[in-house]
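To keep things clear, I will list the structure first and then write my remarks on it.
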Amino acid sequence: MPGMVELNDGRSRLVLAPEQGAAVARYDALVVGGAPVPLLKPGDGTGTCGCQLLVPWSNRISGGGFEFDGRFHAVPPNMPGEAFPIHGDGFQKPWRLAGRSDTQAELVLDDGAIGPYRYAASVTYALRGGALDARLTVENRAGMRLPYGLGFHPWFPRGARTRLQATAERVWLEDARHLPTGLAPLTEHPWWDFSRASLLPAGWVNNAFVGWNRRATIAQPAQGIAVELTASPELDVFILYSPSHDAGFFCFEPVSHPVDAHHGEGLTVLGDGETMGAMMRLEWAETG
């Protein structure tokens, strides 16, 4: 694919799209004696596929912007069909390739700019024994204190027997605008309790979960593969997006704060020149 960067460690293949927000376009298991198995929904990095980077925040900001340090900061919508700005602008901009080897690449964004945010970001992707390590860092260059957040937005294939295991304590409920309305214990919503490996619900799911131990397993029995996702302590929330049983995909997003945290809590305040970072690891194994 033109403009793409391909890494390969003999056990996995990773294809990156620097021009498309430094997204992962493909992450495939190289199974001995068989065809490559897509571990993420494959594509070109431009849309509902692979894995996008969420910077300088995750998910939606309501109210046309947010107030911080006694000042209102306007943030306009940035996606067609979306009433609110969503996921920052890192996924919408070209990143430059700062360095690479056969198994590792670093990509840099020098000119992040949306609403009041002015920032630089970098991501390092590395294949190690087939596992994918991704580290994302952001530096505040706005000339003032601002609240920041980070996250990863992987799209996983969903088949009839796909199962998810991810332990959490509470779930944020959402309204018709996809904004949070309140926290509820998972005991009140057992169909969203994935503490044991479970099939995904048949209907719409688009919720943030807290009290997460930063580990999840996605089992794909039809392919004989299981993917274990682990996240660094900064990513203590996960968002599960699954529109329907026949969508062919679902998203499991480790992020650093709940939805609309600019009007709540969970963001990290950075002074000018300060940084924050987060890591995600995807590791696969054959299940027979």
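The values are calculated or read from the model by the stated rules, or taken from the named source; none is laboratory data. All figures in this text were calculated on a predicted structure; none of them were measured in a lab. So basically every Cβ, Gly included, is an ideal-geometry build from the backbone, and we count neighbours across all protein chains shown. To get the accessible areas, we keep the full protein, side chains included, count just its heavy atoms, and leave off ligands, DNA and RNA. Shrake-Rupley method; radii C 1.70, N 1.55, O 1.52, S 1.80 Å.
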Item checked: Two-site FRET efficiency, Asp110 against Trp204, from Cβ-Cβ distance with R₀ of 30 Å, rounded to 0.05 -> 0.20
Next item on the list: Show me 132-139, 56-63, 12-19 ranked by packing, highest mean number of other Cβ atoms within 10 Å first.
Entry: 56-63, 12-19, 132-139
Notebook entry, point to check: Which of the peptides 121-127, 210-216, 32-38 is most tightly packed, and how do the rest follow, going by the mean number of other Cβ atoms within 10 Å of each residue?
Noted result: 121-127, 210-216, 32-38
Notebook entry, point to check: Does segment 1-121 classify as rounded, prolate or oblate by the C-alpha gyration tensor (a ≥ b ≥ c root eigenvalues; a/c under 1.5 gives rounded; else a/b over b/c gives prolate, otherwise oblate)?
Noted result: prolate
Margin query: Per 0.36 nm of contour for each residue apart, how much would the distance between Ala35 and Ala222 grow if the chain were fully extended, relative to their Cα-Cα spacing?
Written below: 65.9 nm
Next item on the list: Subtracting the Cα-Cα distance from 0.36 nm times the residue separation, let me have the gained length for Leu183 to Met79 in nm, one decimal.
Entry: 34.7 nm
Notebook entry, point to check: Could you give the accessible area per residue of the chain, probe 1.4 Å, as a whole number in Å²?
Noted result: 41 Å²
Next item on the list: Would you mind working out the magnitude of the charge dipole of the chain relative to its Cα centre, with +1 at each Lys and Arg C-beta and -1 at each Asp and Glu C-beta, to the nearest 20 Debye?
Entry: 460 debye
Notebook entry, point to check: If you roll a 1.4 Å probe over the chain with all protein chains in place, what percent of the accessible area is carbon or sulfur?
Noted result: 50 percent
Next item on the list: Pop a pseudo-label 7 angstrom from the Cα along the beta-carbon direction at both Arg215 and Ala160 and give the gap in nm to one decimal.
Entry: 3.2 nm
Item checked: Length-normalised contact order of the chain in % [C-alpha pairs under 8 Å, at least 6 apart] -> 18 percent
